[in-house]
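A.B. asks: Here it is, the structure in full.
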Amino acid sequence: MSHDDTHATTGVDGATDPVGRSALPELPEDLADLAELCGVRTVFTDAEGTVRRVSPSTLAAVLGALGVPAGSPSAIAESVVRVRDDEWRDMLPPAVVVRQGTPVQVPVHVADGAGVSCWVEPEAPDPPVAPGATPWRVAPVTGTIRRVTPSSGTRPGGAGDAAPAPGTRHLEQLDVIVEPRTVDSRKVGRATFLVPGDLPLGWHTLHAESDGVAASTTLVVTPDRLESPETLSGGQAWGFQTQLYSVRSRDSWGIGDLADLADLAWLTANNAGADFVAPGPLQATEPTAPITDSPYLPTSRRFLSPLYIRLEDIRETAYLSSADRSLVEWAGEPVRDLSGDSSPIDREAVWDAKKSALEVVFTAARSAARQTAFDEYVLEQGRGLVDFATWCAIAEHLGEQEWPPDLLDPASQTVTMLRGSLKDRVEFYCWLQWVADEQLRRAHRVGLEAGMRLGILKELASGVHPEGADAWVYPRALARGVSVGIPPSSAVGPEGRNRGLPPWHPRELAKAGYLPFRDMLRTALRHCGALRVGHIGDLFRSWWIPGATRATAGAYVTYDHEALVGILCLEARRAGVPVIADDGLLDADEREYLAGRGLLNGSVLLADQADTGELVAPQDFPAGGFVVPTPPELPPTASCLAGEHIDLGERLGILTEDAQVLRSRARARREALMTSLSRTGMTTFDPSERELVEGLYRYLRDTPAAMVAVNLADAVGERRTQAQLGADDGYPNWRVPLADGSGALVMLEDLFDSARLRSLVAVLNERT
């Protein structure tokens with residue numbers, strides 16, 4: 001561990017640590033109180049298992065990112081008073097999230113002694129869409145977005161008031177005595193109302209009124225538990241996991257696409273009996289160069305990457321004029337042959353070609369039915385889609401220029417005017433999302449119709465690019481000046497890791513009624529049989545790293561996990577989709593909580609196995625979860641067990657430990673793994689590489705895990721990793737096309753020509 005005084009901290013008691021490093025001073029009492037009030041933890045456990053204190057400078061920076069001044073003793077003292085009074089300033093909490101079946105008390109703050117009424121207006125149904133309706137339009141001058149919304153009453157009863165919505169419920173005021181408080185020179189009292197446990201699931205509105213002053217807030221009723229769907233009731237499910245961009249066909253434009261995903265689903269269902277295909281994150285990339293290669297750093301988690309669109313599968317492509325068809329073919333010429341090229345995948349070249357061709361298809365006439373389908377999609381996705389498309393259009397318009405300040409606020413008049421002048425491009429980017437959504441829906445349907453139980457298993461990236469669309473669309477809900485990381489730990493090493501993602505701002509997200517979180521989930525849960533949520537521990541506590549400091553100089557900020565996990569359960573239940581809670585850094589209490597809410601535990605076998613490398617007996621493996629042998633940032637199983645990632649790290653000069661020590665540890669773990677597998681009859685005592693990999697999957701098939709993901713790379717013998725952490729320009733991270741053990745490309749059409757793949761499939765189907 002580094003001895004920097006930004007993170008070489010003391011234990012809870014403030015004493016110097018056993019190896020003699022100087023201790024940070026005790027935290028000022030006011031600063032510690034302020035951190036506690038704001039949900040910022042002042043201690044953490046480091047890679048050596050020692051409890052460490054967060055430095056005052058880090059706490060001040062993290063609190064500042066939360067909008068709480070803490071840069072001086074006077075600022076801290078003022079912030080303590082303000083934060084303690086914050087909940088008394090508003091009539092209602094920023095949002096209320098409850099479990100169905102559990103009554104909850106809600107405070108309502110009014111002038112001391114004033115009467116108050118409180119009621120719940122139920123969730124309104126989605127408005128019907130009339131055939132041929134235009135759900136939104138951009139006015140040519142102002143750029144104002146106009147949208148049809150359902151009307152509803154705001155107060156139950158009273159002369160001249162709108163009629164109350166059907167199902168409106170008045171709440172009972174409880175006889176709870178709370179001393180009034182003077183806040184901002186006015187005396188404020190607290191009334192307590194009971195939200196009953198029998199409200200229906202959904203998104204409701206909680207209203208309050210006192211002496212002519214009214215307020216409302218979001219009330220979300222979530223299921224107590226997400227029940228396992230029937231799709232998982234027929235015994236263990238298994239399927240292939242891959243990165244879609246790497247799986248190319250002879251019809252691809254240099255990158256695996258959604259048509260390839262549909263074909264992969266059909267092939268593996270018919271030829272292997274697979275229950276699902278997991279294509280990795282498919283979320284949106286930038287509309288112009290430079291395009292981020294990592295699928296785990298999208299510009300938006302809500303929308304899809306149009307890179308995955310198959311031009312030929314858009315219906316209008318078939319009806320292009322000969323001149324327009326020639327334009328499409330010319331656009332594709334530079335990249336069509338890239339699918340057979342073993343060089344790293346070139347996303348920017350592919351997108352340049354696809355965008356040119358897509359622009360031609362976009363201008364083609366759509367039938368009345370197709371136009372209505374497009375209009376309905378835009379209406380369904382609402383303002384969020386138009387804002388995302390606006391960001392894309394502006395990013396394209398500005399190119400690599402720095403965004404001027406007046407364009408950084410999506411609600412500014414400048415943005416409104418620019419949206420009007422770019423209305424055709426805004427519509428183009430909305431159309432791209434509709435096309436991608438249609439093609440993903442088809443891929444999922446193809447898998448189900450071919451006999452898969454789950455179809456497409458989607459993966460939700462754990463965050464977004466700090467300068468991307470989501471960061472622009474939700475300027476308050478995402479915190480600025482900090483990034484999400486991982487503290488020093490035994491899992492990631494003494495330096496920790498900066499993941500470079502802006503975190504949710506807990507209070508601002510609540511003040512937004514959790515709508516950005518809900519809308520993201522609703523889109524993520526479309527067209528899939530299961531959803532894998534990475535780094536789900538961020539819903540409990542997130543390691544915030546201020547500015548450009550090292551990952552060690554951070555602090556945990558806690559979240560209302562009851563609200564966030566509850567909303568996840570609600571939206572998953574509505575979609576009928578099981579959720580996989582994927583995070584190797586969860587503690588025992590968090591895992592127990594998620595299991596109690598009905599989420600499947602996600603585990604990585606070679607990361608979660610004991611330090612000795614030994615495997616538990618198959619019957620003792622945790623039941624009911626989702627398991628995969630290796631994570632995306634490690635090489636395929638055979639290569640990982642051989643320690644080839646250590647050789648690569650040594651060549652790139654990025655190892656943080658001695659290479660020989662790492663190799664010795666890897667050999668010991670491999671030996672222990674082979675012993676465990678041979679002892680249980682999964683392999684021979686001296687297995688070949690293929691037999692070892694097959695033995696590992698045979699072991700997983702014998703466990704009570706609900707779902708087993710098979711790396712497609714393992715099936716064809718691929719040895720290269722998709723990403724080498726810490727290697728920037730020295731390795732083609734997230735650009736590696738699928739190949740076999742000899743480095744020869746494996747095309748989608750040729751998958752089942754692989755004897756190794758057929759042999760592994762036979763192992764996977766031994767017990768089915």
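The values are calculated or read from the model by the stated rules, or taken from the named source; none is laboratory data. These figures come from a predicted structure and were not determined experimentally. A quick note on method: Cβ atoms are made from the backbone with ideal geometry, for glycine too, and the neighbour counts reach across all protein chains shown. Please note that ligands, DNA and RNA were not included when accessible areas were found on the heavy atoms of the full protein model with its side chains. Shrake-Rupley method; radii C 1.70, N 1.55, O 1.52, S 1.80 Å.
A.B. asks: Mind checking the dipole of region 491-621: about its Cα centre, +1 per Lys or Arg Cβ, -1 per Asp or Glu Cβ, Debye to the nearest 20?
C.D. replies: 760
A.B. asks: Continuing with this model, one more query. Just to confirm a number: summing +1 for Lys and Arg and -1 for Asp and Glu over residues other than Ser483 whose beta-carbon lies under 11 angstrom from that of Ser483, what do you get?
C.D. replies: Residues near Ser483 contribute +3 overall.
A.B. asks: Could I ask something else about it? Could you state, as a whole-number percent, how many of the C-alpha pairs of the chain are farther apart than 48 Å? Mind showing how you got there, number by number?
C.D. replies: Details: 63596 of 294528 pairs.
Distances greater than 48 Å cover 22 percent of the Cα pairs.
A.B. asks: Just need the relative contact order of region 313-391 here, percent rounded to a whole number, with Cα pairs under 8 Å and 6+ apart.
C.D. replies: Working: 30 pairs, mean separation 27.6, N = 79.
Reported as a whole number, the value is 35 percent.
A.B. asks: Which order do the peptides 364-371, 513-520 come out in when sorted by mean C-beta neighbours inside 10 angstrom, highest first?
C.D. replies: My ranking of the peptides, most packed first, is 513-520, 364-371.
A.B. asks: Given a 1.4 angstrom probe, I'd like the percentage of the accessible area of the chain that is carbon and sulfur, rounded to a whole number.
C.D. replies: Carbon and sulfur together cover 50 percent of it.
A.B. asks: Multiplying the sequence separation of Gln173 and Leu725 by 0.36 nm and subtracting their Cα-Cα distance, what value in nm do you get? Each step should come with its number before you reach the end.
C.D. replies: Values: separation 552, 0.36 × 552 = 198.72 nm, distance 5.59 nm.
Between Gln173 and Leu725, full extension yields 193.1 nm more.
A.B. asks: Around Val220, which amide H atoms from residues at least 5 apart in sequence, or from another chain, sit under 5 Å from its own amide H, with H modelled in the peptide plane?
C.D. replies: Amide H to amide H, under 5 Å and 5 or more residues apart or across chains, Val220 pairs with Val96, Val97, Val98, His204.
A.B. asks: Tell me which lysines have Cα within less than 23 Å of Lys355's Cα, excluding those fewer than 8 residues away on the same chain?
C.D. replies: Correct list for Lys355: Lys423.
A.B. asks: Here's something else I'd like to know. From the phi of every residue in region 423-438, what ³J(HN,Hα) in whole Hz does the Karplus formula 6.51 cos²θ - 1.76 cosθ + 1.60 yield, where θ is phi - 60° and glycine or proline is x?
C.D. replies: Coupling constants for region 423-438: 4, 5, 6, 4, 5, 4, 6, 5, 4, 4, 5, 5, 5, 4, 4, 4 Hz.
A.B. asks: Something else about it: With a 1.4 Å probe and all protein chains left in place, how much accessible area per residue does the chain have, in Å²?
C.D. replies: 42
A.B. asks: Using 0.36 nm times the number of residues separating Arg225 and Ser72, minus their current alpha carbon distance, what extension gain do you get?
C.D. replies: Full-extension gain reported as 50.6 nm.
A.B. asks: Amide H of Val710 versus every other amide H placed in the peptide plane: which residues, excluding those fewer than 5 positions away on the same chain, fall under 5 Å?
C.D. replies: Residues meeting the amide H criterion: Gly239, Phe240, Gln241.
A.B. asks: How far, in nm, would the chain grow between Ala111 and Ala623 when pulled straight, counting 0.36 nm per residue and subtracting the alpha carbon separation?
C.D. replies: Difference between extended and current length: 178.9 nm.
A.B. asks: Would you calculate a helix-derived [θ] at 222 nm for the chain, using -39,500 (n - 2.57) for each DSSP H run of n ≥ 4 and dividing by the full residue count, to the nearest 500? Please list the in-between numbers first.
C.D. replies: Working: 21 runs with 262 residues, N = 768.
Taken over the chain, the calculation gives -10500 deg cm²/dmol.
A.B. asks: Rounded to the nearest 5, what % of DSSP beta bridges with both residues in the chain are antiparallel?
C.D. replies: Working: 53 of 84 bridges.
Of all bridge pairs located within the chain, approximately 65 percent are antiparallel.
A.B. asks: How large is the dipole of region 685-768 about the Cα centre if only Lys and Arg carry +1 and Asp and Glu carry -1, each at its Cβ, rounded to the nearest 20 debye?
C.D. replies: Dipole of region 685-768, to the nearest 20 debye: 200 debye.
A.B. asks: Given Cβ point charges of +1 (Lys, Arg) and -1 (Asp, Glu) and nothing else, what value in debye, to the nearest 20, does the dipole of the chain about its Cα centre take? Display every interim value, and only then the final one.
C.D. replies: Values: 72 positive and 105 negative charges, 247 e Å.
Computed charge dipole of the chain: roughly 1180 debye.
A.B. asks: Top to bottom by accessible area (1.4 Å), largest first, where do Glu402, Glu123, Glu29 land?
C.D. replies: Order by accessible area, largest first: Glu402, Glu29, Glu123.
A.B. asks: List the trypsin sites (Lys or Arg not before Pro) in region 235-328 that DSSP assigns to loop (not H, G, I, E or B) and whose Cβ has at most 12 other Cβ atoms within 10 Å. Which are they? Before the final figure, lay out each step's value.
C.D. replies: Working: sites: Arg248, Arg250, Arg301, Arg302, Arg310, Arg315, Arg325; in loops: Arg248, Arg250, Arg310.
In loop regions of region 235-328 (DSSP not H, G, I, E or B), the sparsely surrounded trypsin sites (Lys or Arg not before Pro) are Arg250.
A.B. asks: Given the options Phe374, Pro506, Val195, identify the residue whose Cα lies farthest towards the positive end of the charge dipole of the chain (+1 on Cβ of Lys, Arg; -1 on Cβ of Asp, Glu).
C.D. replies: Farthest towards the positive end: Phe374.
A.B. asks: Using the Kirkwood radius over Cα pairs, work out the Stokes-Einstein diffusion coefficient for region 245-337 at 37 °C and 0.692 mPa s, in µm²/s as a whole number.
C.D. replies: 220
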